[in-house]
Amino acid sequence: MTKSISVSFVVRIILWIALTASFVQFDAFYQQKETIRNIAYGLNTFLTANVLISIGHFILVKLYNSRNEQQVVRSNFVLGVTRVATVVNVFFILVSLMIAAGINPKEFITSLTIVAMAIAVIFREYITNMISGLIIMFSDQFAIGDRIKIGEYQGKIVDITLANLVVRDEDDDAVMIPNNLVFTATLVNKTSQKSNKIVVKFELPIDRAVGVEELELYFKPLFGRNPNLDHAQGFTVKVADVGKDFIKYKVEVTTISSSNKIHQQVQSRILNEVLQFKKTVV
């Protein structure tokens, strides 16, 4: 991948230099062929911007990586810089197309000020989503690979775009969550320093509740034969809350991996055992 990007960059540099030199060498030709001149100017504008953006992107990422090479670094900054570079490239593509068509970009943009305001109102949700996406990308609250719960949705973040978070849920479906929801709903990041520990909570009616020791004895055979658990870490059962007519417990276990799939399997198995336990105490 790096090699192909490098080759592409070299090709763009060569084309840019050749095109720039042609304006001097073939000035008379360009004066006679206005259409070709406009296309050449448009292409030169895009190549100039693209080369500078690529260099800026490379320098920023290089400095960031060298500064954080001794740390466990989240990838949001690099992702944010890449998305910004893409947006700026798209802007210069549009400018280059205007130049190639013989349209003055400055005059065109000025004449469209009122239209642009109307467009901004119509697409305000998408624009605010983009701004929210950029804020998320440059933050360190969460990153790709984290398991989150936001509103009614939960799962593992597989991508962050300018429009939404792409979350892979427990059914392995890709859920698109608008970026704006991150700032308007309660968000829980279930990934903490890449810990494999998970906590499963459940309740028992107060008239059927039992002691922690009895629950530990009940769960011990299950945890002893579950291949997804780190048996060296063991497990604990605690009382999380006592209500008027219920007692809430929590089981803390450590899995062999931080995989969202494994966590879901372990949680499902524990809750299934809780259902079986309820039947035995009826």
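The values are calculated or read from the model by the stated rules, or taken from the named source; none is laboratory data. The structure displayed is predicted, hence computed values, not measured ones. Cβ coordinates were reconstructed from backbone atoms using ideal geometry, including for glycine residues, and neighbour counts include every protein chain displayed. Note: accessible area is taken over every heavy atom of the protein model, side chains too, but ligands, DNA and RNA are not part of it. Shrake-Rupley method; radii C 1.70, N 1.55, O 1.52, S 1.80 Å.
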For this session: Inspect the stretch 96-113 for any residue being of a type in the set (Lys, Arg) and either crowded, with 17+ Cβ neighbours inside 10 Å or in contact with a Lys or Arg (Cβ under 9 Å, 6 or more places away or on another chain) (or both) and give the result as yes or no.
Result: no
Exercise. Just for strands (runs of 3 or more DSSP E) wholly inside the stretch 134-216: which have at least 3 residues that are over 19 Å from the mean Cα position of the chain (by Cα) and crowded, with 17+ Cβ neighbours inside 10 Å?
Worked result: 197-205
Problem set entry | Cβ-Cβ under 8 Å pairs, at least 6 apart or on other chains, the stretch 243-257 side of a type in the set (Phe, Trp, Tyr), far side open to solvent by less than 20 Å² (accessible area, probe 1.4 Å) and not in a loop (DSSP other than H, G, I, E, B) | 246/204; 249/202; 249/204; 249/215; 249/237
Exercise. Quick one: how many residues across the stretch 20-69 are touching a residue at least 60 places away in the same chain (Cβ under 8 Å) and under 15 Å from residue 95 (Cβ atoms)?
Worked result: 2
For this session: Six or more apart or on different chains, Cβ under 9 Å: which pairs go from a residue in the stretch 204-218 that's among the charged types (D, E, K, R) to one that's not in a loop (DSSP other than H, G, I, E, B)? Could you list them?
Result: 208/278; 208/281; 213/237; 216/235; 216/236; 216/237
